Amino acid sequence: MEIEYAQHASSTALRAAFGGPAEPPATVTTTVPREYVHKAALAEVLLTGWYRTGEDAFTVTAQWPRAHSVLRSRHGVHDPMLFAETVRQVFPLLSHAAYTVPFGHHLIWEHFSYAVDPVAGGLRAGLRPAEITLDIACHDIVRRRGGLSALSLRVEAHRDGFRLGSAETRFTSHSPAVYNRLRGAYADKEAALAAAVPVPPPIPAHRVGHKLRENVVLAATRTPRRWQLRVDTYHPVLFDHPVDHVPGAVLLEAARQAAHVVAGPVPTVATAMETRFTRFAELDSPCWVDAEPEADTGRVRVTVHQNGQELFTASVTTTRLTADAPLVSATRPAYARS
């Protein structure tokens, strides 16, 4: 006890015994606060910093893990959906940190698109986490009563000197009072979660490019290329925190998985996606996912319906993934189509 007290009471004694604290490295990397990207789990925060480069221009940095429980690397290639999630985290970060949107306001997607370069090397997974730099231009900014109402982003991303890809998105911002009026009875998260439909069994995980069945968001139906959306509100990543509707990231994952099935059985990744969100996907009734190949484009068109109404559409470009040649573009004529 005396030794323990002496060590805590005297920094000189500590230095003499243990050499004192180490000199910090030239740079110290941390993630941004989880609240700024609307995540409950620290492990799901991908962004590491940001700074302003112009009036409505910014640079944001991110790190991709070598392994992720859902967005996993395969055949030495990072999952392109990590890029989609990185961009998704950018708009709450900039909303709160750069445009002073109060915490508690709701950000709603209108549309989102991304494309990653399948051959430049930015997607290669190595022996260290990938360090990503995103250059962002904000435009078509709408302000009401001094606060941000809507914003569009253009993103250009690089990694280790390679061009990684680009993305565009637009979202709107709503105060709690406005959001509650918009959602009505559905604004009650606890009630919405309690009313969620039972989760049906998944289709085989390998058909959608996953290893774990709990990460599959599609359930079989009797109609070809139609699935029921599996909405598992207890999934620790897809439902990182309580919500009153199906998160947009789940719809993106459904589009990716549906396109994977249509493009199969050769393993593929979704190297580009153009999406539009038109209605909320509620938790209390089934959502149906339909997918069809688009004629002459090599893409797959995915739509999500609920109660006879279209909620979400996506056009997905898939790229072949093999052990010998990690990426083979499905949209460049010099390579085989998937």
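Within the chain, the longest segment free of exposed loop sites, counting GluC sites (Glu not before Pro) that fall outside DSSP classes H, G, I, E and B and have at most 15 other Cβ atoms within 10 Å, spans 56-293. Work from the charge dipole of the chain (Cβ charges, +1 for Lys and Arg, -1 for Asp and Glu, about the Cα centre) and give the residue of Ser69, Pro80, Leu153 farthest towards its positive end. The listed residue farthest towards the positive side: Pro80.
Based on Cα atoms of the stretch 69-122, Rg over Rh with Rh as the Kirkwood radius reads 1.08. Rounded to the nearest 20, the size of the Cβ-charge dipole of the chain about its Cα centre is 680 debye, with Lys and Arg at +1 and Asp and Glu at -1.
Stretching Glu110 away from Glu55 to a fully extended chain increases their span by 17.4 nm, per 0.36 nm per residue minus the current alpha-carbon distance.
Over the chain, dividing the summed -39,500 (n - 2.57) contributions of all DSSP H runs of at least 4 residues by the number of residues returns a 222 nm mean residue ellipticity of -5500 deg cm²/dmol.
Which whole number in µm²/s is D for the stretch 121-234 by Stokes-Einstein, with the Kirkwood Rh taken over Cα pairs at 25 °C and 0.890 mPa s? Once the numbers are plugged in, D ends up at 131 µm²/s. Rounded to the nearest 20 debye, the dipole size of the stretch 44-112 about its Cα centre is 300 debye, using +1 on the Cβ of Lys and Arg and -1 on the Cβ of Asp and Glu. Between Glu294 and Ala177, the C-beta separation translates, for a Förster distance of 51 Å, into a calculated FRET efficiency of about 0.75.
Per residue, the chain exposes 50 Å² of solvent-accessible protein surface, assessed with a 1.4 angstrom probe and all protein chains in place.
Computed as a quarter of the hull surface, the mean projected area of the alpha carbon convex hull for the stretch 165-311 stands at 9.9 nm². Kirkwood hydrodynamic radius, computed over distinct alpha-carbon pairs, for the chain: how many Å, to one decimal? Every distinct Cα pair counted, the radius reaches 21.6 Å. Restriction of the chymotrypsin sites (Phe, Trp or Tyr not before Pro) in the stretch 73-181 to DSSP coil positions whose beta-carbon has at most 13 other beta-carbons within 10 angstrom yields Phe103. Here the Karplus relation 6.51 cos²θ - 1.76 cosθ + 1.60, evaluated at θ = phi - 60°, turns the backbone of the stretch 189-199 into coupling constants of 4, 4, 5, 5, 5, 5, 8, 4, 5, x, 8 Hz, with x for every Gly and Pro. Split the accessible area of the chain by element, probe 1.4 Å, and carbon with sulfur accounts for 53%.
Gain on full extension, evaluated as 0.36 nm per residue between Thr30 and Ala97 minus their Cα-Cα distance, stands at 22.5 nm. Projecting the Cα atoms of Tyr99, Trp288, Val45 onto the charge dipole of the chain, computed from C-beta unit charges around the Cα centre, puts Trp288 farthest toward the positive end. The label point for Arg144 and the one for Thr221, both projected 7 Å from the Cα toward the Cβ, are 3.5 nm apart.
The values are calculated or read from the model by the stated rules, or taken from the named source; none is laboratory data. Nothing here was measured: the structure is a model prediction, and the numbers come from that model. Note: ideal-geometry Cβ built from the backbone for every residue, glycine included; neighbour counts use all protein chains shown. Surface accessibility is based on the protein's heavy atoms, side chains included, excluding ligands, DNA and RNA. Shrake-Rupley method; radii C 1.70, N 1.55, O 1.52, S 1.80 Å.
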